[in-house]
Amino acid sequence: MLLEGKVALVTGAAQGIGRAIAMRLAKDGADIGIVDLNEDKMLAVCHELEALGCKTTIFKADVSDRKQVYSAIEHVEKTLGGFDIMVNNAGIAQVQALADVTQEELDNIQKINVGGTLWGIQAAAKKFIENKQKGKIINASSIAGHNGFALLGVYSATKFAVRALTQAAAQEYASAGITVNAYCPGVVGTDMWIDIDKRFSEITGAAEGDTYKKYVDGIALGRAQTPEDVANFVSYLAGSDSDYMTGQAPLIDGGIIYR
């Protein structure tokens, strides 16, 4: 059990990639704090984790609100008796031509994808330093954080920003024994991609399912990514085998973007 005795907080853990990360870290031995906005889905994941013998707790929070992120960490530490790993997974997508992006749309995605990651980094690092302990901070970027994509321009910009925050935080917190890395998934078969495909259909006139198929057909390994594919890599970032790695944002996409 690579993470036995560790406590991990995963934002956006009520479904999709976040749920898969929570399940994998629990199987690795960690106790899990589930943070999301959907209480019913959080409870369902909580029951799944408890069936694995994992201690877990839920906390409803909007990651765009700095105070709520800090409160989530306090709750998880108090309830589970520790805090070792922060996974800033929560985020939203946006499909929109750059010419049509509104002020409201820009503000919303920045607050969640960039602000939520920044508050998670801040709050986790503060807690690790207060406790005089090493810690792991793991952020969700994307292939869109390495390449900009048409109709995903603002989303791409937020994921580039996550990479920048990851690099800066790695340098600022290294002396405290805190590592900061990111993971960059590709086309993952989740509800988010269903929404992305539908939105592409509305803008381009493509039949529903065609955009998803086009992107999947471009994957070298020949299949869409699963949430578990992402979670397996996050497990590595959360464990001791990655202790000498910081400031990095590796691609885990089956072969779409090459660096």
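The values are calculated or read from the model by the stated rules, or taken from the named source; none is laboratory data. Worth saying up front: this structure is predicted, and the values here are computed from it rather than measured. For neighbour counting, all protein chains shown are included, and Cβ atoms are generated from backbone atoms with ideal geometry for every residue, glycine included.
Of all residues in segment 68-121 being acidic (Asp, Glu) and over 21 Å from residue 191 (Cα atoms), which is nearest to the chain's Cα centre (by Cα)? If you could, list the steps in order and put the result at the bottom.
So in segment 68-121, the residues acidic (Asp, Glu) come out as 74, 77, 84, 100, 104-105, 107.
Narrowing further to those that are over 21 Å from residue 191 (Cα atoms): 74, 77, 84, 100, 104, 107.
Working: 74: 20, 77: 20, 84: 16, 100: 27, 104: 23, 107: 19 Å.
Only one residue tops the list, namely 84.
What's the number of the condition residue 197 fails, among (1) of a type in the set (D, E, K, R); (2) at pLDDT 95 or above; (3) crowded, with 18+ Cβ neighbours inside 10 Å?
Checking residue 197 against (1) of a type in the set (D, E, K, R); (2) at pLDDT 95 or above; (3) crowded, with 18+ Cβ neighbours inside 10 Å, the one that fails is (2).
For residues that are crowded, with 21+ Cβ neighbours inside 10 Å, touching a residue at least 60 places away in the same chain (Cβ under 8 Å) and within 24 Å of residue 163 (Cβ to Cβ), tally how many sit in segment 52-93.
Summing the residues that are crowded, with 21+ Cβ neighbours inside 10 Å, touching a residue at least 60 places away in the same chain (Cβ under 8 Å) and within 24 Å of residue 163 (Cβ to Cβ) in segment 52-93 gives 10.
Considering segment 216-240 alone, what residues qualify as being in contact (Cβ under 8 Å) with a residue 12 or more places away in the chain and among the acidic types (Asp, Glu)?
228, 229
State yes or no: is residue 100 of a type in the set (D, E, K, R) and either out of contact with any strand residue (DSSP E or B) (no Cβ under 6 Å at 6 or more places or on another chain) or surrounded by fewer than 19 Cβ atoms within 10 Å (Cβ to Cβ) (or both)?
Considered against the rule, which asks whether it is of a type in the set (D, E, K, R) and either out of contact with any strand residue (DSSP E or B) (no Cβ under 6 Å at 6 or more places or on another chain) or surrounded by fewer than 19 Cβ atoms within 10 Å (Cβ to Cβ) (or both), residue 100 comes out as yes.
Kindly indicate which of 168, 164, 125, 176 is aliphatic (A, V, I, L, M), under 25 Å from residue 67 (Cβ atoms) and touching an Asp or Glu at 6+ places or on another chain (Cβ under 9 Å). Spell out how you get there, then give the answer.
Numbers: 168 fails: touching an Asp or Glu at 6+ places or on another chain (Cβ under 9 Å); 164 fails: touching an Asp or Glu at 6+ places or on another chain (Cβ under 9 Å); 176 fails: touching an Asp or Glu at 6+ places or on another chain (Cβ under 9 Å).
That would be 125, the only listed residue that is aliphatic (A, V, I, L, M), under 25 Å from residue 67 (Cβ atoms) and touching an Asp or Glu at 6+ places or on another chain (Cβ under 9 Å).
Does at least one position in segment 203-215 carry a residue that is touching a residue at least 12 places away in the same chain (Cβ under 8 Å) and within 23 Å of residue 110 (Cα to Cα)?
Checked segment 203-215: at least one residue is touching a residue at least 12 places away in the same chain (Cβ under 8 Å) and within 23 Å of residue 110 (Cα to Cα).
Give segment 123-150 a look and list any residue that's part of a helix (DSSP H, G or I), surrounded by fewer than 17 Cβ atoms within 10 Å (Cβ to Cβ) and either among the hydrophobic types (A, V, I, L, M, F, W, C) or within 16 Å of the chain's Cα centre (by Cα) (or both), or say none. Please lay out each step first, then the result.
From segment 123-150, those part of a helix (DSSP H, G or I) are 123-130, 143-145; that's our starting set.
Still in the list and also surrounded by fewer than 17 Cβ atoms within 10 Å (Cβ to Cβ): 126, 129-130.
The one that is part of a helix (DSSP H, G or I), surrounded by fewer than 17 Cβ atoms within 10 Å (Cβ to Cβ) and either among the hydrophobic types (A, V, I, L, M, F, W, C) or within 16 Å of the chain's Cα centre (by Cα) (or both): 129.
Only one residue in 215, 155, 244, 173 is out of contact with any strand residue (DSSP E or B) (no Cβ under 6 Å at 6 or more places or on another chain), under 30 Å from residue 1 (Cα atoms), part of a helix (DSSP H, G or I) and of a type outside the set (Lys, Arg). Which one? Full working, then the answer.
Details: 215 fails: under 30 Å from residue 1 (Cα atoms); 155 fails: under 30 Å from residue 1 (Cα atoms); 244 fails: part of a helix (DSSP H, G or I).
On inspection, the qualifying residue turns out to be 173.
So that you can scan it fast, the table gives a plain yes or no per residue for (1) over 24 Å from residue 127 (Cα atoms); (2) part of a loop (DSSP other than H, G, I, E, B):
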| site | (1), (2) |
| --- | --- |
| 1 | yes, yes |
| 4 | no, yes |
| 18 | no, no |
| 43 | yes, no |
| 57 | no, no |
| 62 | no, yes |
| 79 | no, no |
| 104 | yes, no |
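Which residue out of 187, 162 is touching a strand residue (DSSP E or B) at 6+ places or on another chain (Cβ under 9 Å), farther than 17 Å from residue 248 by Cβ, of a type in the set (A, V, I, L, M, F, W, C) and surrounded by 14 or more Cβ atoms within 10 Å (Cβ to Cβ)?
Sole residue among the options that is touching a strand residue (DSSP E or B) at 6+ places or on another chain (Cβ under 9 Å), farther than 17 Å from residue 248 by Cβ, of a type in the set (A, V, I, L, M, F, W, C) and surrounded by 14 or more Cβ atoms within 10 Å (Cβ to Cβ): 187.
If we keep just the residues of segment 247-259 that are within 17 Å of residue 190 (Cα to Cα) and either not in a loop (DSSP other than H, G, I, E, B) or not charged (D, E, K, R) (or both), which is nearest to the chain's Cα centre (by Cα)?
Step one: list which residues in segment 247-259 are within 17 Å of residue 190 (Cα to Cα), which gives 252-254.
Narrowing further to those that are either not in a loop (DSSP other than H, G, I, E, B) or not charged (D, E, K, R) (or both): 252, 254.
Details: 252: 13, 254: 18 Å.
Result: 252.
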